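Peer 1: Right, I'll just put the structure down here and ask away after.
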Ligand code: SF4
């Protein structure tokens, strides 16, 4: 805590006790680096300065602001939680850790962060930075990826946190992990905890914390049919139970291989009531790769010119809708699709 005031970064959410602003920053910063998350935070807080503003916004618009941060379920949960706070709590965030946990998408970490930063409750936060600092300083070999280890770390953090300044303690230990006791190159030489740090004293800085490997990622092959007619392109909103729920993309055929036979391509166009126009030069197929936490997406974009526009009940049944190039920019899209439109739109 002596180290913190001298080294902390000056970040906008550290100047407020507004639980809404703190919650917003925490949701954005989960699994996102501060540098990447900061512009998103500034954008959200200026577009939606209060929880009522966010609650009243259309979901598409919220997802559009979120675009590029990934983990879109977080954005949807965030939007839902804002509505929950307005509806069930008269627009006031609950003021205790236990009550905060009842909000959707608010887990133990976020609840502890809001409770301590906004309301001064003595509850210790545990994030990746805190796990690392505690594991190294106290020589804890429990696997931090195992949910069962949480109790051990939480019990330790609870004994350390002072009643007088729980918020400062939480900020300090997280910041210490973020900039001093970093994963790969901790600055042990100039570390104030050097003499009491188990890992440093035992030459185990790179052995701690123990973290079991994440699941191997799988590769998925997406073939996007970019159906076009005149100035129109057809896009659809993705449904639940897969990545990118609620975002817009094109007609999609997923296969086990990188190539899609021409006959399958024509079948896929026919399945949505389209007819491939003949006499129109074929567009070269464009390929893009997108890496997610547990999967890699190899995407190919096949631009198909239709003989006639899609229309009527057929169009509604497919979930597709017609957009102009300009309109597609306002839609919330996976980054993969945004990249394609930026690079490939003609
Ligand atoms: S001595 Fe090194 S490993 Fe130990 S707390 Fe300091 S920076 Fe982290």
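Peer 1: Taking the Kirkwood radius as the inverse of the mean 1/r across Cα pairs, report the Rg/Rh of the chain.
Peer 2: Numbers: Rg = 24.4 Å, Rh = 23.1 Å.
In the chain, Rg relative to Rh is 1.06.
Peer 1: Using 0.36 nm per residue, how much length does the chain from residue 43 to residue 148 gain when fully extended, once their Cα-Cα distance is taken away?
Peer 2: So the extension gain works out to 34.1 nm.
Peer 1: A further question follows. Multiplying the sequence separation of residue 287 and residue 204 by 0.36 nm and subtracting their Cα-Cα distance, what value in nm do you get? Show your work: numbers first, answer last.
Peer 2: Numbers: separation 83, 0.36 × 83 = 29.88 nm, distance 4.39 nm.
Separation in residues times 0.36 nm, less the Cα-Cα distance, equals 25.5 nm.
Peer 1: For the stretch 124-213, just the Cα set please: Rg and Dmax, both in angstrom.
Peer 2: 12.3, 38
Peer 1: State log₁₀ I(q)/I(0) for the stretch 218-344 at q = 0.11, 0.23 Å⁻¹ as given by the Debye formula over alpha-carbon point scatterers of equal weight, solvent excluded.
Peer 2: -0.35, -1.71
Peer 1: Debye sum, Cα scatterers, the stretch 1-121, no solvent: what log₁₀ I/I(0) at q = 0.12, 0.18 1/Å?
Peer 2: Once normalised to I(0) and log-transformed, intensities are -0.41, -0.94.
Peer 1: Take residue 217 and residue 60, extend 7 Å from each Cα along the Cα→Cβ direction, and tell me the distance between the two endpoints in nm.
Peer 2: 3.0
Peer 1: How far apart, in nanometres, would the label points at residue 14 and residue 326 be if each is projected 7 angstrom from Cα along the Cα-to-Cβ direction?
Peer 2: 4.4
Peer 1: Contour minus end-to-end for residue 316 and residue 189, with contour as 0.36 nm per residue of separation and end-to-end as the Cα-Cα distance?
Peer 2: Here the answer is 39.3 nm.
Throughout, read-outs are computed from the coordinates displayed, never taken from laboratory work. Quantities reported herein were computed from a predicted structural model and do not represent experimental measurements. We place every Cβ from the backbone using ideal geometry, glycine too, and count neighbours over all the protein chains shown.
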